[in-house]
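The structure appears right after this line, and notes come after that.
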Amino acid sequence: MSELVISGLHATVAGREILRGVDLTIRSGEVHAVMGPNGAGKSTLSAVVMGRSGYEVTAGSVTLDGEDVLAMPTWQRAVAGLHLVMQYPTEVPGVALRDVMVEALAARGHASDNVRGQLVAEAAKIGFEERFLDRPLNVDLSGGEKKRNETLQLAMLRPRIAILDELDSGLDIDALRDCSRRVEELSNDPDEPLGVLAITHYNRLLTELKPDKVHILVKGRIVASGGPELATTLETDGYAAFTDGDEPAESGAGASGLDDLFRM
Ligand code: ADP
Ligand code: MG
């Protein structure tokens, strides 16, 4: 069993404080949803936990099973069992998915024989077309196919804790169902249940991927936590009740800074 503990986390980007004291604990088998308006700091939270460059942690801690995650380089965080499904998966020309999986499994000390067979079996579970397995990573895939590909990698690598940054963006209804159902299955695995931090704008991701807890992140702080009913309330009432009104939540150019980086 694993436990990711985020405690009093403050982080700045380009000299601006974006995370202002985030506390979250995610254990194996638990699904936590983090919802919040554009620019609240959701992607920043995922970037800081995975160690993306350009973000400075100014206070607080992140530990995985007691180990100091913030002291590790990104690759070591991944080997330790943290996994990020990116909002905008990166295209990597010239590098085949199979080769990435062979290297990643070997780095984790997992068996890397018959990777092709495992990929075919996993692809079938989420409706990812087999012919895409031989493409360079994500190259020329549609938005939905990229997210299926991300879900496939998650299922292959079996991390302990997965952060999904808007797995639902760019997905059609069928792909959304296939991907969220697969993640839900992984979280219910009797041997090694996956812990999930699912960042999303929409309740629809959460119809298949059933959250134990829902947290609302506004301006770098978790302002409310509750059960799945909180997501339903948001769907009907929006974030108005959770923002203080005098300072509107950011949107547009401001909110897209990180998203643009992920698109590169
Ligand atoms: P969310 O994912 O909740 O929409 P983000 O974490 O992407 O929000 O962004 C929070 C704020 O931090 C935004 O104002 C955004 O412009 C800013 N920000 C995030 N990453 C960067 C960056 N690399 N450079 C400059 N500003 C950034
Ligand atoms: Mg985001």
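The values are calculated or read from the model by the stated rules, or taken from the named source; none is laboratory data. Values in this document were obtained by computation on a predicted structure and should not be read as measured data. Cβ sites come from the backbone with ideal geometry, for glycine too, and all protein chains shown count toward neighbours. Accessible surface areas use protein heavy atoms only, side chains included; no ligands, DNA or RNA. Shrake-Rupley method; radii C 1.70, N 1.55, O 1.52, S 1.80 Å.
Quick rundown of the values:
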| item | result |
| --- | --- |
| Helix runs (DSSP H) in the chain reaching 20 Å along axis by Cα, Kyte-Doolittle at least -1.0 | 143-157, 173-187 |
| Counted charge near residue 186, where neighbours are those whose Cβ lies closer than 9 Å (Asp, Glu -1; Lys, Arg +1) | -2 |
| Amide H contacts of residue 21 (H built 1.01 Å from N, under 5 Å, at least 5 apart or other chain) | 9, 10, 11 |
| Candidates per GluC sites (Glu not before Pro) in the stretch 80-168, loop by DSSP, up to 12 other Cβ within 10 Å | 129 |
| Volume in Å³ per residue [convex hull over Cα atoms, computed for the stretch 52-153] | 126 |
| Fully extended contour minus Cα-Cα distance, from residue 7 to residue 140, at 0.36 nm per residue | 43.9 nm |
| Full-stretch length increase - residue 191, residue 96 - with 0.36 nm per residue and alpha-carbon distance subtracted | 31.2 nm |
| Helix-only mean residue ellipticity at 222 nm for the chain, each DSSP H run of n ≥ 4 adding -39500 (n - 2.57), per residue, nearest 500 | -9500 deg cm²/dmol |
| Residue 156 accessible area, assembled protein chains, probe 1.4 Å, Å² | 10 |
| Cα shape, the stretch 10-97, gyration tensor, a/c 1.5 rule | rounded |
| Heavy atoms of residue 210: accessible area, 1.4 Å probe, square angstrom to 10 | 110 |
| Cross-link partners of residue 125 among lysines (Cα-Cα below 16 Å; sequence separation of 8 or more within a chain) | 146, 147 |
| Probe 1.4 Å - accessible area at residue 142, Å² to nearest ten | 50 |
| Beta bridges per DSSP with both ends in the stretch 47-191, % antiparallel, nearest 5 | 50 |
| Simple label model, 7 Å out from Cα along Cβ direction - residue 124 to residue 76, nm | 4.0 |
| P(r) histogram, all alpha-carbon pairs of the chain included - 5 Å bins from 0, percent | 1, 6, 13, 18, 20, 18, 13, 7, 3, 1, 0, 0 |
